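See below for the structure under consideration.
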Amino acid sequence: MRQRTEHRELPPTAGLPPKVKDLWPWPTEPLANALSCLIGHQRSWVTCSGTAALVVALTALARHSLRREVIVPAWTCPLVAIAVVHCGLRLRLCDLRPNHFDMAPDALARLCGPTTLAIIPTHLAGRVADVTTASVYASACGASVIEDAAQSLGASHPGGIPVGTLGDIGIFSLAAGKGLSIYEGGLLTTRHSALHDWLQQAVETTLPRHTRRELRRSIEFLGYTALYNPCGLCLAYGRPLRRALQNGDPVGAVGDRFPLTIPLHRVGRWREAVAARAATRLPGFLDALQAQAQPRLQALRNIPGVTVLDDTPGARGTWPFLLLVLPGQAQRDAVLERLWTLGVGISRLFIHALPDYDYLRPFIDPIDVPNARDIAARSLTISNTLWMEDSTFVSILTVLESVLARYDRRRAPFRSLPAISSPQK
Ligand SMILES: *Cc1c(COP(=O)(O)O)cnc(C)c1O
């Protein structure tokens, strides 16, 4: 593939490009109203991050229960683990179905019990997770379901039910790089009127007003608005990425290393208004992503050895990027070696299964989660940004085809063992 042209960098995920005209401080409707066609009309709150939304949800549930365990998929955003620990709760990691990000039903059944406070089924990569199974086990053991829809704002379950509204509580992220962004922000929602007061109380007690933090986020958001384009991303995203990879630090390259303290404060009216104006463009943007993704998905599926994650019939996900699973880690790494630093929108989702992040070790039981480790080792992502031209996508296809053709002949084993060290029990 042609070397990266010096001043162009595609984002790893298709965020809605912010517009300068969103920034004017004229009043607008609340963000939750502006998004109601995508997330439904139930009660919602704006939070300072998706993680903060999760902290509020867990705080509300824990205040009214003696249960202290939270079940999360073993391959998810490390911030989810940090939120659980922040709330003084115990993480229980659930291994996944093979080749998928959904929690394995048998593993989930083993983890559920009288001490389970909540189960967090997680919609990754715009895809729609299996919330029904989690709900069945949750009601059998008396736990709540929190849908983590941080990566899937605008997706819907079969029957057109918005993600985030099938479980008891839903959370979304408005962080940089997620669909709709105010640099750092989130949404919390519930379909249960019985939970309104608990969540309202938890919002008031956990998210104080903090003028300086909000000012800082507002300035960061202006910077994001200025730089979220293929030129600016070279500076803000591409350069740090290449530096981290050069230093052998993939965790730093994808931004998987998070501080253990979670900033908690209220979002100001200006940032909420900006998001509400941008939100009016979101449905059309999601349609454009869907239209671009469909033929590309088909082309990827035609390559033997490539598995592209898709939705179950009836569900309608969004397409910020395409999540691929290759036959083995060797192939996945060979593709990344050719493409990761070229600025063409190739990346990885989460580098490790949760037990394999060094900085999380003190908080996580060293359990074996083979399927989570396996998908971490064999998956990669292709951005679905509208800035990616067909010619770039075709060159990515060519690299995938050549890598897979070569490895097929050598009959690489289907399942690679993780190269990362397994913690001892
Ligand atoms: C990004 C993300 C979060 C956290 O959202 P922030 O807004 O970054 O705090 C939680 N869960 C998943 C799956 C995510 O991708």
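The values are calculated or read from the model by the stated rules, or taken from the named source; none is laboratory data. Every value quoted in this text rests on a predicted model; they were computed, and no experiment measured them. Glycine also receives a Cβ, built like all others from the backbone with ideal geometry; neighbour counts cover every protein chain displayed. Side chains included, ligands, DNA and RNA excluded: accessible areas come from the protein's heavy atoms. Shrake-Rupley method; radii C 1.70, N 1.55, O 1.52, S 1.80 Å.
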*Out of R243, R212, R191, which single residue is at pLDDT below 95 and open to solvent by 80 Å² or more (accessible area, probe 1.4 Å)?*
R191
*Given T51, T5, T28, T47, which one is modelled with pLDDT under 95 and either closer than 30 Å to T115 by Cβ or buried (at least 17 other Cβ atoms within 10 Å of the Cβ) (or both)?*
T28
*Residue in segment 149-174 that is nearest to the ligand (Cβ to nearest atom), counting only those that are hydrophobic (A, V, I, L, M, F, W, C), crowded, with 24+ Cβ neighbours inside 10 Å and outside any strand (DSSP E or B)*: A150
*Candidate set: segment 49-99, residues that are of a type in the set (A, V, I, L, M) and in a loop (DSSP other than H, G, I, E, B); chosen: the one nearest to the ligand (Cβ to nearest atom)*: A74
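Yes or no, residue by residue, for (1) under 16 Å from H64 (Cα atoms); (2) in contact (Cβ under 8 Å) with a residue 60 or more places away in the chain:
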site: F172; (1), (2): no, yes
site: A175; (1), (2): no, yes
site: G186; (1), (2): no, yes
site: H192; (1), (2): yes, no
site: V203; (1), (2): yes, yes
site: R212; (1), (2): no, no
*Out of (1) surrounded by fewer than 17 Cβ atoms within 10 Å (Cβ to Cβ); (2) within 19 Å of the chain's Cα centre (by Cα), the odd one out for D256 is which?*
(1)
*asked:* Can you find a residue that is more than 16 Å from the ligand (Cβ to nearest atom), within 25 Å of V369 (Cα to Cα) and part of a loop (DSSP other than H, G, I, E, B) anywhere in segment 114-130?
replied: yes
*Answer with yes or no whether L61 is more than 19 Å from the chain's Cα centre (by Cα), crowded, with 23+ Cβ neighbours inside 10 Å and among the aliphatic types (A, V, I, L, M).*
yes
*Counting only residues that are farther than 30 Å from S379 by Cβ, give me the helices (runs of 4 or more DSSP H) lying completely in segment 209-323 with at least 1 of them.*
211-227, 269-279
